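J.: To start, I am sharing the structure in question, which I have written as structure tokens.
The values are calculated or read from the model by the stated rules, or taken from the named source; none is laboratory data. The model shown is predicted, which means the values in this text are computed figures rather than measured ones. Note that each Cβ is placed from the backbone with ideal geometry, even for glycine, and that neighbours are counted across all protein chains shown. The protein model used for the area step is the full one, side chains on, heavy atoms only, and it has no ligands, DNA or RNA in it. Shrake-Rupley method; radii C 1.70, N 1.55, O 1.52, S 1.80 Å.
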Amino acid sequence: MKNIFFIICFFVGTFYNAQQIYSLRPTEISLDANSYEKDTNNELPFYEGTWKGNWNNKTIFITFTKLTHKYDPKFNRYRDYLVGKFKVINSNGNVIFDNTNFTDDNSKIKGVSFRKYGDKYSLSYIDSDLCDITGGIAINFTDSSKTQLNWKLNYGSNMITNECPYYNTQIPEALPEEIILTKQ
């Protein structure tokens, strides 16, 4: 009888302390602390892999990886999201940007969420190597086979100080503002 009581208490305690799971497309404005924004519809794997595009005599390779159940201290919850790493090669074949060897935690491109309306996935871009420039990225598929990706980057209002090595010059363009990427 005593064992039955403990088993019941265990299950009741587990039920009330269970982590609340939400979709990556939540309708809630405010999610509970320590909740989990999970890729319940298994949408993020379609973005995973390496994507290639050409712009301004440069070739870019962006590799997206899905991270699962990662704690986000900014929002005090767990979530699934994409991280992106990129390599840019100029027309002479020289690598001009490459952060593909960074750890996932240090990637410059991190997923935020799906937009409330439509199928666009939002990411943030912060580049400490280029004077901490920032931007918001929106990606979405252009075809039903999900082999082409529309990429749009909107740079933030970046304030460049005199500590920046590019203070009197233009900051190099590491990422395109708009491009169609093809799955490799």
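J.: Hey, with R₀ at 41 Å, roughly what FRET efficiency would A33 and N168 work out to, going by the Cβ-Cβ distance, to 0.05?
T.: Computed FRET efficiency for A33 and N168: 0.35.
J.: Continuing with this model, one more query. How large a share of the accessible area of the range 51-184, in percent, is made up of carbon and sulfur atoms when the probe is 1.4 Å and the other protein chains stay in place?
T.: Ligands and nucleic acids excluded, carbon and sulfur give 45 percent.
J.: Now a separate question. To the nearest 20 debye, what is the magnitude of the charge dipole of the range 94-139 about its Cα centre, counting +1 on the Cβ of each Lys and Arg and -1 on the Cβ of each Asp and Glu?
T.: Dipole of the range 94-139, to the nearest 20 debye: 360 debye.
J.: If the cut-off is 17 Å between C-alpha atoms, which aspartates and glutamates fall inside it for K116, apart from same-chain ones fewer than 8 positions away?
T.: Within the straight-line cut-off, K116 pairs with E28, E37, D39, E43, D80.
J.: Sticking with this structure for a sec: Please figure out what share of the DSSP beta bridges in the chain is antiparallel and state it in percent, rounded to the nearest 5.
T.: Among the beta bridges of the chain, antiparallel pairing accounts for roughly 90 percent.
J.: Would you calculate the convex hull of the Cα atoms in the chain and tell me its volume per residue in Å³?
T.: Enclosed volume per residue, from the Cα hull, is 166 Å³.
J.: Sticking with this structure for a sec: Once you charge only the Cβ atoms, +1 for Lys and Arg and -1 for Asp and Glu, what is the size of the charge dipole of the chain about its Cα centre, to the nearest 20 debye?
T.: That gives a dipole near 480 debye.
J.: Reachable lysines from K110, Cα under 24 Å, same-chain residues fewer than 8 places away excluded?
T.: The qualifying lysines are K38, K52, K58, K66, K70, K74, K85, K87, K120, K146, K152, K183.
J.: Mind pulling the angle between the C-alpha long axis of helix 2-16 and the longest principal axis of the chain? Nearest 10 degrees, somewhere in 0 to 90.
T.: 30 degrees
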